[in-house]
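See below for the structure under consideration.
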Amino acid sequence: MLDFPDLTTFFLKYNFNGDSFLIKTKYDIRGNEIKWQETPMGSFTLVDFWFHSCEYCIQQFPELKSIYEEFHPQVFEIIGITVDHDRYVGDWLSTIQQHQLPWQQYRDRNGVQSEKYLIKDFPTNFLLNAKGEIIAKNIDPVKLTAFLKEHL
């Protein structure tokens with residue numbers, strides 16, 4: 001990982017492409033701490049940051065479900081990471097259940113880890129390769145589908 005004194009410069013210049021995804025810890029739906037290296041990864045993995053009352057996040061769920069169903073058998077994963085604060089855990093769990101999200105869901109407690117990536121807009125996603133390197137940021141469902149059809 002390259003060292004930059006100003007993370008904003010790093011983000012603008014490199015847009016994360018090729019760098020390793022560095023969220024070190026997250027919490028599963030039972031509140032257990034999970035280390036990033038313990039997370040099952042696919043040939044390609046979409047890491048999707050969202051929260052329970054984000055309209056745009058929820059609007060993309062049907063398309064992501066369709067993509068997941070089509071490409072998961074070909075070793076594609078989605079990892080959902082909410083930035084919901086502790087007081088909204090119940091709402092987060094209800095949203096997962098209501099929308100029947102089949103992929104792994106984790107919680108970045110109070111958004112601490114996502115702040116390191118300056119994630120302030122939602123949804124935000126990162127597409128990772130099998131090595132955990134970031135190959136795209138904020139890829140939309142149409143481009144994601146095209147990418148996966150070409151590479152899986």
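The values are calculated or read from the model by the stated rules, or taken from the named source; none is laboratory data. Not measured: the values here are computed from a predicted model. Backbone-built Cβ (ideal geometry, glycine too); neighbour counts: all protein chains shown.
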Taking the condition of being surrounded by 18 or more Cβ atoms within 10 Å (Cβ to Cβ) and assigned to a helix (DSSP H, G or I), how many residues in the range 126-146 meet it? 1
In contact with an Asp or Glu (Cβ under 7 Å, 6 or more places away or on another chain) and of a type in the set (D, E, K, R): which single residue out of E77, E133, E115 fits that description? E133
Filter pass, L64 being at pLDDT 95 or above, under 15 Å from the mean Cα position of the chain (by Cα) and either small (G, A, S) or not in a loop (DSSP other than H, G, I, E, B) (or both): yes
Give the residue, chosen from I96, I67, I81, that is closer than 13 Å to D48 by Cβ, among the aliphatic types (A, V, I, L, M) and out of contact with any Phe, Trp or Tyr (no Cβ under 9 Å at 6 or more places or on another chain). I96
Of all residues in the range 99-110 being within 13 Å of the chain's Cα centre (by Cα) and not acidic (D, E), which is farthest from T82 (Cα to Cα)? W103
Quickly run through the range 79-120 and pick out the residues that are surrounded by fewer than 13 Cβ atoms within 10 Å (Cβ to Cβ) and part of a helix (DSSP H, G or I). D86, R87, G90, S94, Q97, Q98, V112, E115
Please verify whether P123 is surrounded by 17 or more Cβ atoms within 10 Å (Cβ to Cβ) and either free of Cβ contacts under 8 Å to residues at least 40 places away in the same chain or within 14 Å of C57 (Cβ to Cβ) (or both), treating the condition exactly as stated. yes
